[in-house]
Each structure stands twice: as C-alpha cells, then as structure tokens.
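Just so it is clear, none of the values below were taken in a lab; they were calculated from the coordinates. Because the structure is predicted, anything quoted here is derived from the model rather than measured. Positions of Cβ are backbone-derived with ideal geometry, glycine not excepted, and every protein chain shown enters the neighbour counts.
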Amino acid sequence: MEQQQAEKRLNELRKLVEELGYHYYVLDQPKVSDAEYDALMNELIQLEDQYPEWFSEDSPTVRVGGEPLPFFEKVEHRSPMLSLGNAFSADDLRDFDRRVKQLVEGDVSYSCELKIDGLAVSLVYENGRFVRGATRGDGTVGEDITANLKTIPAIPLRLNEQVNIEVRGEAYMPKGSFIALNVLKEQAGEEKFANPRNAAAGSLRQLDPKLAAKRNLSIFVYAIGHLEGKEVSSHHEGISYLRELGFRTNQESEHCSNIEEVIAFTEKWVEKRGELPYEIDGIVIKVDRLDHQKEMGFTAKSPRWAIAYKFPAEEVVTILKDIELSI
Ligand code: NAD
C-alpha cells in the first residue's frame, strides 16, 4: 500500500473502530459481530506496527473499553482493569510462549480459563464485607454499580474471612435466562437484546436495582486485584483461595504445564463450547507464577503475561474492507 493510501486507511480505521467501540462499550448495542470488529482492529494494529511514526495515544489500539456513563458515580480503580492481547491460532499461541520464555527464566506453566462473554466488574471487600462494585469503564475509571451487583445471588455480601480484598470477575447472563428475557421483551413489544453479553451489561448499567434483580445474572470471579495480609505465589493458588473465601470460580479451568497442553485445551473448547449454559468467546491463558507475571509487566493496554485465544467465528462473516462510517 502506498504511504498516502496507508495513512488514509489508518485514519479511517481509527474512526471506525472508535465508533464501533462506542456502540459496544458505552451503549451496549453492537453494530457488527465481534469477528468483524476484531478483523478491523487487527488491520489497524498491523498498519500502526508498519508505520510507528503515526502513533497516537488516542488510537483505539492503546485505549481500553469506553467512557463511563455520566449518570453513575465514578470509581477510580486501585490498579487498571486492562484488555487482553489476542491469539487466533495455535501458531499465535506458540509465538506467545516464545515471547514469555524470552522474558522470564525457570519453569513456565499456564492457567487456562474459559473467556466468559459478559461484563468485567471489580468487587471491593473491607473486613470481608462487600462495599463497592464497579464496571471496568475505560480501564482507569469505572461506574459504581454496587446496588445492581448486590442483586446477584452468586456475589457474596460477606466472605468466610474478614479480609481486605479486591477481586475481578465476569458478570454474565446464562443462555436460558437470555432466551426467556427476549421472549418477554417480544411479548411486551420491546426491542430485544442482541446477545447475552449486551443483556448482562444493559441490566447492570441502568439505575433500577429491582430491574437488575429480575434478570437472573451470575458471575465467575477470575482474579485478585488487591489483597492484604496473605501471600499467594501462583494464579491457580489465588483462585483456590477465592473459592475458600466464598466466591464462585469457574470449574473448567486447567493448569497446563506447556503450550501444547494449552492448545489441546483450546481445541477441546472449540468443540464443546455449545454445551455450556453460558456464552464464552475464547480461552484466557495466563502465565501461572506471579513472580513471572510481575517480571513481565504490562503494555499500555494489556498484560504481557496473558493472552486471549479467540474462537473462529461460528457463522460466515463478511470482512468489512470499505465499511462506511455511517453505520
Ligand atoms: P478482551 O477481549 O481484551 O478481554 C478482556 C476481558 O475479558 C476482561 O475485561 C474480562 O471482561 C474478560 N474475561 C472473561 N473471562 C476472563 C478470564 N477468565 N480472565 C480474564 N479476563 C476475562 O476484552 P475487551 O477489551 O473488552 O474487548 C475486546 C473484544 O470485545 C473484541 O475482541 C471484540 O470481540 C469485542 N468487541 C466487539 C465489538 C463489536 O462491535 N462487536 C466492539 C468492541 C469490542
């Protein structure tokens, strides 16, 4: 591509990805499928890699999520809630493994988890009591949705220990609840939700907790954001501790000793994802040792020690090459 043409396409893509992100993250009303969005984002990443001189810190490639909605109190996260780099094939995963091994020494093993398709939330507990829950928002500042989160039965209001802890998890709507909700919406002549992810996000990002309570939401907690008074040395040990405290964690996770085992885990779930009572859009792979995670650190947008393997799209999608901005 000629330089002038490349610059034009880069600016077009930035605008387009930004606009699609606004519909998805802020309005909870996606305009295109995830696979179409990912294809556009990847084209943009490749162009930016090719022309580093056009770097912009406003580009959607370096920003996480979307602005918090103005009618919620804002919550500043103690540490950023980031995005994840993507892998689309076994070779991408082997590249990830190579990068990891260039950065750390010693045995590397991986925690593999289902990537639940819902809304990332942070839950803060003081002396074991749930005091605040927030959305990821733009990664730095989220929305205070404590009242809505308190209506989710799987979120403990008191833990089994009087601990100060912040945890992160994915709030989601089970497939069955989503289908039932859309039947009701249709009967009431209301607009249906596009998918369980948007239904969950829409239920939690509105002001009436009574409405959230009717939506039959659940949660899987998948990380410790902050913890006082206890040391854990690996991700999988942290997850066991979360379970002891009373959190709902996902039982399908596996601790893999090498990347080929990780690949086998992703292949298994490509086949089996349809059997789950909730939607997943991939597998999250995390370097298990926390000292390794610390050593590897973060880019502006995502941890270097984790990656999301995205499933191949289930339906055939048209890759949007010349998509109009008027979508
Ligand atoms: P991401 O794909 O970068 O992944 C990070 C998120 O994964 C976390 O915030 C968390 O919510 C979730 N997650 C689920 N299970 C997890 C686990 N076990 N461990 C850690 N995290 C877990 O998320 P993102 O940055 O919000 O969004 C990027 C994706 O969203 C895109 O790849 C695209 O598929 C979709 N998207 C779609 C559109 C659209 O228009 N269709 C627009 C924007 C984004």
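Between the beta carbons of R78 and R98, assuming R0 = 22 Å, the FRET efficiency works out to 0.10 to the nearest 0.05.
Ordering 140-149, 258-267 by mean Cβ neighbour count within 10 Å, with the highest value first, yields 140-149, 258-267. Residues E252, E228 in ascending order of nearby Cβ atoms (within 10 Å, fewest first): E228, E252. Annotation for E228 and S89: the two label points, set 7 Å from Cα along the Cα-Cβ direction, are 4.9 nm apart.
Once the Kirkwood radius over Cα pairs is known for the range 25-159, the Stokes-Einstein relation at 37 °C and 0.692 mPa s delivers a diffusion coefficient of 182 µm²/s. In debye, nearest 20, what is the charge dipole magnitude of the range 184-261 about its Cα centre with +1 on Lys and Arg Cβ and -1 on Asp and Glu Cβ, if you could check? In total the dipole reaches around 600 debye.
If only the Cβ of Lys and Arg carry +1 and only the Cβ of Asp and Glu carry -1, the dipole of the range 128-271 around its Cα centre is close to 780 debye. Annotation: aspartates and glutamates with alpha-carbon distance below 15 angstrom to K192 (same-chain offsets under eight excluded): D28. Put simply, the convex hull of the Cα atoms in the range 135-246 casts, on average, a shadow of 8.1 nm². In order along the range 32-47, the phi-based Karplus estimate (6.51 cos²θ - 1.76 cosθ + 1.60, θ = phi - 60°) of 3J(HN,Hα) comes to 9, 6, 4, 5, 5, 4, 4, 5, 5, 4, 5, 4, 5, 4, 5, 5 Hz; Gly and Pro are listed as x.
Per the Debye formula with a single identical scatterer at each Cα and no solvent contribution, what log10 I(q)/I(0) holds for the chain at q = 0.09, 0.10, 0.13 Å⁻¹? Calculated log10 I(q)/I(0) at the listed q: -0.49, -0.61, -1.06. Net charge in the neighbourhood of S234 (other residues with Cβ under 13 Å of its Cβ; Lys, Arg +1, Asp, Glu -1) is -2.
Among V284, V221, a tally of other beta-carbon atoms within 10 Å of each Cβ gives an order, fewest to most, of V284, V221. Cross-link list K150/K230; K15/K268; K31/K101; K74/K150: which exceed 28 angstrom alpha carbon to alpha carbon? Pairs exceeding the cut-off: K15/K268; K31/K101. State the Cα centre-to-centre distance between the range 54-106 and the range 161-234 in whole Å. Using only Cα atoms to place each centre, the spacing works out to 22 Å.
With the simple model of a label 7 Å out from the Cα in the direction of the Cβ, L157 to L207 spans 2.4 nm.
For the pair K31 and E18, the difference between a 0.36 nm per residue extended length and the Cα-Cα distance amounts to 3.5 nm. About the centre of its Cα atoms, the chain shows a dipole size close to 1140 debye [charges on the beta carbon of Lys, Arg (+1) and Asp, Glu (-1) only; nearest 20 debye].
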